[in-house]
Amino acid sequence: MAIGVETSARPFAHLQAQNATLYRQALMVFVRAKQRFAVHLRPEDVLAELDAGQSPETVRAVLDQLRDWGNLRADPDTGRVTTVEDFHQARYLYQLSPEGHAAEQAIATYEEAVGRRGALQSVALSDIAGQLRALLLVAEEAGAGGQPDPAKTHLLMMILVDRFTDLADNAQAFMASLRRTIDFVDVDVAAFLAYKELLISYLERFIADLANQGAEIAALAGRIEEIGVDPLLVVVARREAADAVPGQEPGSGPPADAADDDGSGGTGRPTSTARDGVVSAEREALRAWRHRWAGLRDWFVSAESSRPSQARLLRTAAIGAIRQLLGTVAAINERRAGRSDRSADFRRLALWFAEAPDDAAAHRLWHTAFGLSAARHLTVTTETLAVVREQPVPAVTPWAQAPRLEISPRLRRTGSYERRGSPNRVIDRSEQRRALADRVRREAEQTARARTALATREPVLLSTLTELDPVEFRLFLHLLGDAISGLGPDRSEVITTTSDGTMAVRLRRVEGAAPVRIVTVDGVLTGPEHLIEITDLVAS
């Protein structure tokens, strides 16, 4: 017979107890034993795994207290009773109670979430795109009049949602840990400088993958919605609802008469109550799956210009993190180069004041650091110092009664002891201005040539574009990014202009075309096929 546990169990009470560390160590012994499929533990088994120095009486007291809190369950240990004295002596076998096991799972989940650093998963982007391609084939079969395979559709949806959830959670955790790393860079400057290049390269690689894969994912999601995603969600929800417990509302516990009533009313056929439960479960599952699909779509597709997608916000945050990293590195290099840091100087001066042996030394430090002295000490020479030593003047002496001070006429007239010389010669910056003007002119000419080279007289396929030089390629990427950002899932064509109003772009999606490859000096750009028309508004 098990020793009873209070109905109002408090399995988290040990976290705020006086010996919280010892309680946690004892509970972790039971967690490890459960992982080894060990059911019961004796006090001596727990003592053997705890740190040295604990007595058997202390361990028994800890186990009894955990039992009272509801973390453990105690059963009488009759396996080693050989005498009457052993029978009358209290011996127990301990194991985790259901409340204690749930508390350990909650604590483990909390510690994992708090200590999680996250990652920017480029592989997850590829997996999501692959699952969407497979789901597009299923949607096309259903759109052609066929019946989608429920098991295959359900499996695709589950993998898609799992990978997407993992991607979003990891990205959020990584950006939070990155901000903490930048905020606490002063803790370990050497380690930060050692891995900042790897971190910047990691961010740049993910930004490029997010731009390429994100556009493909948005296009696939839009294509699936055009064919019809709701029939697929209905199939998935119906398959999930098939496993619902008869007579149980979604999110509720089992009915009171579940053990006696199978939902058939004794006839072997589902009653109206059972049918209502299945319909309700199917409706709840469909609502949940529509919500998941809307979240995935909104993560990659911008609904309108005022509400950018989460992928775009993540890309902006990653770019901002790179700028912040570079700024932090520049600040560290400036400090290492020996530039004046006013806050560090004041902290060092405060330390010197704290280490001053007496008030006189503190006063000397004050005068040396700030140079604030009485007006009578404007001119300090050997003669004036000798006079002060011979005839000291107390600090409380009124100004009118103090000895007179001779001031140089130049000081009264100009405010300075030094004779002013000729002013500095003005540096001629005309050569630098000409160099800057030439640079601006060359860049303008390069941009004009790139506009002329990219301008098309009529819509052309992306695959027909010839090899582009670096200037043309950068301008082309800028135009393509502006156009794709305005191409939502329900639109197949977009017309936009650049922010400076020099070029107009018209982009239309080509359905069923093979991916394109545009060769550049920096590499090869791949993506879905589009019809593009670029107009040079300046030339027009």
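The values are calculated or read from the model by the stated rules, or taken from the named source; none is laboratory data. Bear in mind that the values here come from a model prediction, so they are computed numbers and not experimental data. Please note: Cβ atoms are built from the backbone with ideal geometry, for glycine as well, and neighbour counts cover all protein chains shown. Accessible surface areas use protein heavy atoms only, side chains included; no ligands, DNA or RNA. Shrake-Rupley method; radii C 1.70, N 1.55, O 1.52, S 1.80 Å.
How would you classify segment 484-539 from its alpha-carbon gyration tensor, with a ≥ b ≥ c the square roots of the eigenvalues: rounded for a/c under 1.5, else prolate if a/b is greater than b/c, otherwise oblate?
In terms of gyration-tensor shape, oblate.
Would you kindly derive the ³J(HN,Hα) couplings of segment 38-51 from the backbone phi angles with the Karplus curve 6.51 cos²θ - 1.76 cosθ + 1.60 (θ = phi - 60°), listing them in order in whole Hz, with x for Gly and Pro?
Ordered by residue, 3J(HN,Hα) equals 8, 7, 10, 10, 8, x, 5, 5, 5, 4, 5, 9, 7, 5 Hz.
Suppose the chain between Asp149 and Val524 were pulled fully straight at 0.36 nm per residue; how much longer would it get relative to their current alpha carbon spacing?
Working: separation 375, 0.36 × 375 = 135.00 nm, distance 3.80 nm.
Result: 131.2 nm gained on full extension.
Taking R0 as 56 Å, what FRET efficiency do you get between Arg442 and Ile227 from their Cβ-Cβ distance, rounded to the nearest 0.05?
Efficiency, rounded to the nearest 0.05: 0.65.
Once phi is turned into θ = phi - 60°, what whole-Hz ³J(HN,Hα) does the Karplus curve with 6.51, -1.76 and 1.60 give for every residue of segment 153-159, x standing for Gly and Pro?
Result, rounded to whole Hz: 5, 4, 5, 4, 5, 5, 5.
Can you pull the one-decimal nm distance between simple spin-label points at Thr368 and Ala176, each 7 Å off the Cα toward Cβ?
Label-label distance for Thr368 and Ala176, simple model: 5.0 nm.
Per-residue accessible area for Met503 at 1.4 Å probe radius, Å² rounded to 10?
For Met503, the solvent-accessible surface is approximately 0 Å².
How long is the gain from Asn424 to Ser55 if the chain were fully straight, where each residue apart is worth 0.36 nm and the alpha carbon distance is subtracted?
124.3 nm
Suppose R0 equals 51 Å; then what is the FRET efficiency for Val388 and Ala330 from their Cβ-Cβ distance, rounded to the nearest 0.05?
Working: r = 50 Å, r/R0 = 0.97.
Between Val388 and Ala330 the formula returns 0.55.
Under 5 Å between amide hydrogens, which residues at least 5 positions from Met503 or on another chain qualify, with H placed 1.01 Å from N in the peptide plane?
Amide H neighbours of Met503: Thr498, Leu537.
Can you classify segment 424-493 as rounded, prolate or oblate using the Cα gyration tensor, where a ≥ b ≥ c are the square roots of its eigenvalues, rounded means a/c under 1.5, and otherwise it's prolate if a/b beats b/c and oblate if not?
Prolate, since a/c reaches 1.5 and a/b exceeds b/c.
Need the full-extension length gain, Ala108 to Glu458, defined as separation in residues times 0.36 nm minus the C-alpha distance. One decimal, nm.
Length gained, Ala108 through Glu458: 119.8 nm.
Using θ = phi - 60° and the Karplus curve 6.51 cos²θ - 1.76 cosθ + 1.60, what whole-Hz ³J(HN,Hα) does each residue of segment 199-213 get, with Gly and Pro shown as x?
After applying 6.51 cos²θ - 1.76 cosθ + 1.60, I find 5, 5, 4, 4, 5, 5, 5, 5, 4, 5, 5, 5, 5, 6, 5 Hz.
Given a Förster distance of 45 Å, report the FRET efficiency between Ala208 and Lys34 from their Cβ-Cβ distance, rounded to the nearest 0.05. It would help to have the intermediate numbers written out before the result.
Values: r = 45 Å, r/R0 = 1.01.
Given R0 = 45 Å and the Cβ-Cβ separation, E is 0.50.
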